[in-house]
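Heads up: the structure comes next, in structure tokens.
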Amino acid sequence: MYGSNRSGLGADACPRPPFSLPDLSSQANYHQDRRRKSMSHTIQDRTATRFLARNFLPNSGVISRHARGNKGRWIALPLLFLGAGLMLVQPCASAPFEFEVTGSLGTPRLDHTATLLPNGKVLVVGGDFLFGVLASAELYDPASGTWKPTGSLVTGRTHHTATLLPNGKVLVAGGFDGVGHNRTSVELYNPATGTWSETGSLATGRTSHTATLLPSGKVLIAAGENFINDVGALKSSELYDVGLDFESTWQPEIASAHLSSGRRFRLLTGSLFQGVSQASGGNTQDSSTNYPIVQLRSIDNSQVAVFPVDPLNGWSDTSFVSASVINLPLGPALVTVFTNGIPSASRYLVVTQRQQ
């Protein structure tokens, strides 16, 4: 978030501690040119300090060069929407936000997708280049700052969507083939093997659509464009079910989820946290799988944190207390319980700085 006020505070100014304020004055502007889209949002507090939110990254604040506005200098401000018309504003950061050069992709591309994987690497898929649509994919390793090729799509595409599923795989759907046709095919990427496999087809080929992971684990594919017969913009939507082949009565269920200031789940309550089976057994040995895995996934950037059980409190079929986890992703998130390899429906919560 960028901010300016009547005193013309500079980019490194730190006028006050974090505060929340009602959205008293709102103005949204949509800017579009050939290559770029952005959204801005203006808020104003009771002291008539004016702020302009633009290109906000919820987990780390804003990354952008500073620019001079009509009412003084811009300052970079993190912003968190609290709901009920409230926003949390952090007027300054401990260090300025700057770009840092890192490794280059093996293949130039545009209109591709980038997905943060549970292992911390970033998967870049498809896109367009001078010689047509790409099927290649690459992995970025933040530890080394380098890119490496991984398995290629079965079918090249651009303007598609990529969605990280609860099982850690990536679902790529639809897109454009570069010669006038919309893709109906859907593919799954397995990070464990680095390979792609086809999985079903869309009922309607579409490009520039959206894909949203629902709390149930299904993916909602909505709208987009279809170039065939000049259909243009679409209003239809489709649901993708990953198809784990379990009975709904086997699913663990979350009734409540409470994050504490100690960066842990103070208490999760629900049912079937110990599952419905011990997997396999015998006279002297068994392979129990009733240990619940609790996952927190950031809605903003798909960052994942896994919470181990607190050894002092343990868990039961109806409750779970976790050990502490550091570096939680801030902002809206979904918590999911996995037992017997079966995910619960996810529950929504917001991770705030106070909980860090």
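The values are calculated or read from the model by the stated rules, or taken from the named source; none is laboratory data. Remember, predicted model here, so these are calculated numbers, not experimental data. Methodologically, a virtual Cβ is constructed for each residue, glycine included, from the backbone with ideal geometry; neighbour enumeration extends over all protein chains shown.
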Open item on the list: With the requirement that a residue be under 21 Å from the mean Cα position of the chain (by Cα) and either among the β-branched types (V, I, T) or more than 18 Å from N119 (Cα to Cα) (or both), what does the stretch 174-195 give you?
Closed with: G174, G175, V186, E187
Open item on the list: So in the stretch 282-317, with the set limited to residues that are of a type in the set (V, I, T) and modelled with pLDDT under 85, which one is farthest from S346 (Cα to Cα)?
Closed with: T284
Open item on the list: I'm trying to understand the selection: among the residues of the stretch 118-159, which are closer than 19 Å to E187 by Cβ and of a type in the set (A, V, I, L, M)?
Closed with: V122, L123, V124, V125, V133, L134, A135, A137, L139, L153, V154
- [ ] Filter the stretch 291-327 down to the residues that are of a type in the set (A, V, I, L, M) and closer than 17 Å to P166 by Cα, then identify the one that is surrounded by the most Cβ atoms within 10 Å (Cβ to Cβ).
- [x] V294
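Quick grid of which residues meet (1) crowded, with 18+ Cβ neighbours inside 10 Å; (2) among the polar types (S, T, N, Q); (3) touching a Lys or Arg at 6+ places or on another chain (Cβ under 9 Å):
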residue	(1), (2), (3)
T150	yes, yes, no
W196	yes, no, no
R206	yes, no, yes
G232	no, no, no
Open item on the list: One residue is enough: does the stretch 272-279 have a residue meeting the conditions surrounded by fewer than 18 Cβ atoms within 10 Å (Cβ to Cβ), in a loop (DSSP other than H, G, I, E, B), at pLDDT below 90 and among the polar types (S, T, N, Q)?
Closed with: yes
TODO: Scan the stretch 162-182 for residues that are modelled with pLDDT of 95 or more and more than 30 Å from N340 (Cα to Cα) and jot them down.
DONE: G174, G175
TODO: Answer yes if at least one residue in the stretch 328-337 is assigned to a loop (DSSP other than H, G, I, E, B), crowded, with 17+ Cβ neighbours inside 10 Å and either on the phi > 0 side of the Ramachandran plot or free of Cβ contacts under 8 Å to residues at least 60 places away in the same chain (or both), and no otherwise.
DONE: no
- [ ] Output the residue which, of all residues in the stretch 214-230 that are at pLDDT below 90 and of a type in the set (A, V, I, L, M, F, W, C), is surrounded by the fewest Cβ atoms within 10 Å (Cβ to Cβ).
- [x] I228
Open item on the list: Can you tell me which residue is farthest from the chain's Cα centre (by Cα) among those in the stretch 114-135 that are assigned to a loop (DSSP other than H, G, I, E, B) and not aliphatic (A, V, I, L, M)?
Closed with: F131
TODO: Tell me, yes or no, whether the stretch 102-113 has at least one residue that is over 27 Å from A305 (Cβ atoms), buried (at least 19 other Cβ atoms within 10 Å of the Cβ) and within 20 Å of the chain's Cα centre (by Cα).
DONE: yes
- [ ] Return the pairs, sorted by first residue and then second, in which the second residue is modelled with pLDDT of 95 or more, the first residue lies in the stretch 181-203 and is at positive phi, the beta carbons are less than 7 Å apart, and the residues are 6+ apart or on different chains.
- [x] G194/T150; G194/G151; G200/V186
